[in-house]
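Student: Okay, here's the structure, questions in a sec.
The values are calculated or read from the model by the stated rules, or taken from the named source; none is laboratory data. Because the structure is a prediction, the values reported are computed rather than measured. Reconstructed Cβ throughout: ideal geometry from the backbone, glycine too, with neighbour counts over all protein chains shown.
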Amino acid sequence: MELYELSIHEALEGLRSRQFSSVKLTQAVLERIAQIEPKTQAYLCVAQEQALSSAEEADRRRAAGADATLLGIPLAIKDIICTEGIPTTCGSRILQGFVPPYDATVIRKLRQAGAVILGKTNTDEFAMGSSTENSGYFTSHNPWDLERVPGGSSGGSAAAVCANECLGALGSDTGGSIRQPASLCGIAGLKPTYGRVSRYGVVAYASSLDQVGTLGKDVRDNALLLQVIAGHDPEDSTSADKAVPDYQASLLPDLKGITLGVPHEFFGEGIQTEVEQSIRQALDVMRSLGACIIEVSLPHTRYSLPVYYLISTAEASANLARYDGIRYGATDEQAREIWEAYRRTREEGFGAEVKRRIMLGTYALSAGYYDAYYLKAQKARTLIKQDYDRAFQECQALITPTTPTPAFRIGEKVNDPLAMYMEDICTLSLNLSGNCGISIPCGFVNGLPVGLQILGNAFDEVTILHVAHAYEQATAWHLQKPAL
Ligand code: GLN
């Protein structure tokens, strides 16, 4: 087995028992990146020198007796998260050349825990998309089939984990951007509860929905990463002042005493038959592990798509007003006066999808339309949240597909925004409710991974990690790797 093939927890054992150093491990992963990157194009930027010097530092710390949670582990970071000294573009031309002067809280925590930052992964521009095709730079490729998308917007992170170009990664999830690419790449990806993880230094797309989360080769790695990044942060007023439980301790092998709900709204029309079959088979496995499976209903699910696209675009139109070419990133040099500079910078710097969303959001917020669109969407959002609250009185977690189909072809949906938006039909409502969810692999259709989604109550990451881990350990889907 090559070093780059190890999971985080396997690599930690090797590092702790001095079988190899972090420098050796990091070098192995950097070589893997150099070899595979022409195929996957998962990274926007590889910070080779910084990575090697952090690895040296990790080895020094370990030699001095330290043993932090992620000491010496090489990770990839979605390019939406600020990294001091490493360019952060959010996949946008408008931020080309921007090097943040500070680390996001999650990065600071990773560094404290000893992690090695390998570089920044590709994303749809400002995390708006489901395929990385909206990146202002290039499209990443799905390691299972290079003609297909890895999903998005954290598609670079998912592809990098899947192709062994890192041991684990961070992403962000506003409407499914961790779970959907995890599903399409056959890895495990977790969106924590809104407020569980600090968003300080994470570039805002839709502030009431955005949440940072983890992508890993298995569930245990997600638990390890979450352990490090979770917790209250005085720098982020939306981060919750709640104790962080021991996530490793939640990884139990069976599901005795657990009741799982199956919301029928997530099955049937629009969901590919083979995908549904994989989920139903997974439910049988969970039943054999001791879980009690019941039917539940989330009746307002069908409103989640319009509600999400009203709220997220409204918030995006406000958040993206700050890109004027003056303070960060690209500036148009030709303009003769300030308004022209703003206009030209935004016209050249933003891609088509970002412009579409700024216009939609500005419209939804404008006088006379606010009540009809934004306010109404907020009311519907409350109903969606109440559906979840009611369901969690009957069961501890919900089981659904993560995506309606496996990975689609590059180019297949770029000219049809609605078809692209439908890709997130199973993930969006969870962001509207603020609850937590994880996607793990549960089968293959025509050689492409299928994702199973486990949805949990607010701040109950423990339960979804438990259910995901028990299922994962009873199956072998997570051990299958693409031939690259
Ligand atoms: N695909 C969804 C969108 O385009 C979700 C994106 C995300 O979670 N960042 O908005």
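Student: Sort through Ser131, Ser239 and tell me the only one that's modelled with pLDDT of 95 or more, of a type outside the set (A, V, I, L, M) and surrounded by fewer than 23 Cβ atoms within 10 Å (Cβ to Cβ).
Tutor: That would be Ser239, the only listed residue that is modelled with pLDDT of 95 or more, of a type outside the set (A, V, I, L, M) and surrounded by fewer than 23 Cβ atoms within 10 Å (Cβ to Cβ).
Student: Let me ask something additional. Looking for whichever is part of a loop (DSSP other than H, G, I, E, B) and at pLDDT below 95 here; the options are Gly97, Gly91. Which one fits?
Tutor: Gly97
Student: Another question, if that's okay. From the residues in region 364-375 that are surrounded by 14 or more Cβ atoms within 10 Å (Cβ to Cβ) and of a type in the set (Phe, Trp, Tyr), which one is farthest from Leu432 (Cα to Cα)?
Tutor: Restricting to residues being surrounded by 14 or more Cβ atoms within 10 Å (Cβ to Cβ) and of a type in the set (Phe, Trp, Tyr), the top hit is Tyr373.
Student: Out of (1) touching a Leu at 6+ places or on another chain (Cβ under 6 Å); (2) away from the ligand (no atom under 16 Å from the Cβ), the odd one out for Arg381 is which?
Tutor: The one condition Arg381 does not meet is (2).
Student: Could you list, ordered by first residue, the pairs with Cβ atoms under 6 Å in which the first is in region 152-169 and in contact (Cβ under 8 Å) with a residue 24 or more places away in the chain and the second is within 16 Å of the ligand (Cβ to nearest atom) and among the basic types (Lys, Arg), at least 6 apart or interchain?
Tutor: Ser154/Lys78; Ser157/Lys78
Student: Here's a follow-up. Just one of (1) buried (at least 19 other Cβ atoms within 10 Å of the Cβ); (2) among the small types (Gly, Ala, Ser); (3) not in a strand (DSSP E or B) trips up Ser53, so point out which.
Tutor: Here Ser53 meets the rest and fails (1).
Student: When you check Gln396 against the structure, is it surrounded by 24 or more Cβ atoms within 10 Å (Cβ to Cβ), of a type in the set (S, T, N, Q) and either farther than 18 Å from Val307 by Cβ or in contact with a strand residue (DSSP E or B) (Cβ under 6 Å, 6 or more places away or on another chain) (or both), yes or no?
Tutor: No; evaluated as a whole, the condition is false for this residue.
Student: Looking at (1) touching a Gly at 6+ places or on another chain (Cβ under 9 Å); (2) within 15 Å of the ligand (Cβ to nearest atom), which is the one condition that is false for Leu465?
Tutor: (2)
Student: Anything in region 322-352 that is loosely packed, with under 12 Cβ neighbours inside 10 Å, of a type outside the set (D, E, K, R) and part of a helix (DSSP H, G or I)? List them, or say none.
Tutor: Across region 322-352, the qualifying residues are Ile338, Trp339, Ala352.
Student: For region 119-131, give me each residue that is assigned to a loop (DSSP other than H, G, I, E, B) and within 11 Å of the ligand (Cβ to nearest atom).
Tutor: Of everything in region 119-131, those that are assigned to a loop (DSSP other than H, G, I, E, B) and within 11 Å of the ligand (Cβ to nearest atom) turn out to be Thr123, Asp124, Met128, Gly129, Ser130, Ser131.
Student: List the residue pairs whose Cβ atoms are under 7 Å apart, where the first residue sits in region 403-424 and is within 16 Å of Thr132 (Cβ to Cβ), the second is among the polar types (S, T, N, Q) and more than 13 Å from the ligand (Cβ to nearest atom), and the two are 6 or more positions apart or on different chains.
Tutor: Ala407/Asn142; Ile410/Thr139
Student: Restricting to region 409-434, and then to whatever is within 11 Å of the ligand (Cβ to nearest atom) and of a type in the set (Asp, Glu), can you tell me which residue is surrounded by the most Cβ atoms within 10 Å (Cβ to Cβ)?
Tutor: Asp424
Student: So which pairs qualify, if the first residue must be in region 189-211 and more than 21 Å from Thr403 (Cα to Cα) and within 13 Å of the ligand (Cβ to nearest atom), the second must be assigned to a strand (DSSP E or B) and of a type in the set (Val, Ile, Thr), the Cβ gap must be under 8 Å, and the two must be at least 6 apart or on different chains?
Tutor: Arg199/Val212; Val202/Ile81; Val202/Val212; Val203/Ile81
Student: While we're looking at this one, here's another question. Scanning region 160-177 for residues that are within 16 Å of the ligand (Cβ to nearest atom) and not in a loop (DSSP other than H, G, I, E, B), which turns out nearest to Ala76 (Cα to Cα)?
Tutor: Ala169
Student: Got a sec? Which of Asp103, Asp67 is among the acidic types (Asp, Glu), assigned to a loop (DSSP other than H, G, I, E, B) and closer than 30 Å to Met128 by Cβ?
Tutor: Being among the acidic types (Asp, Glu), assigned to a loop (DSSP other than H, G, I, E, B) and closer than 30 Å to Met128 by Cβ holds for just one of Asp103, Asp67, which is Asp103.
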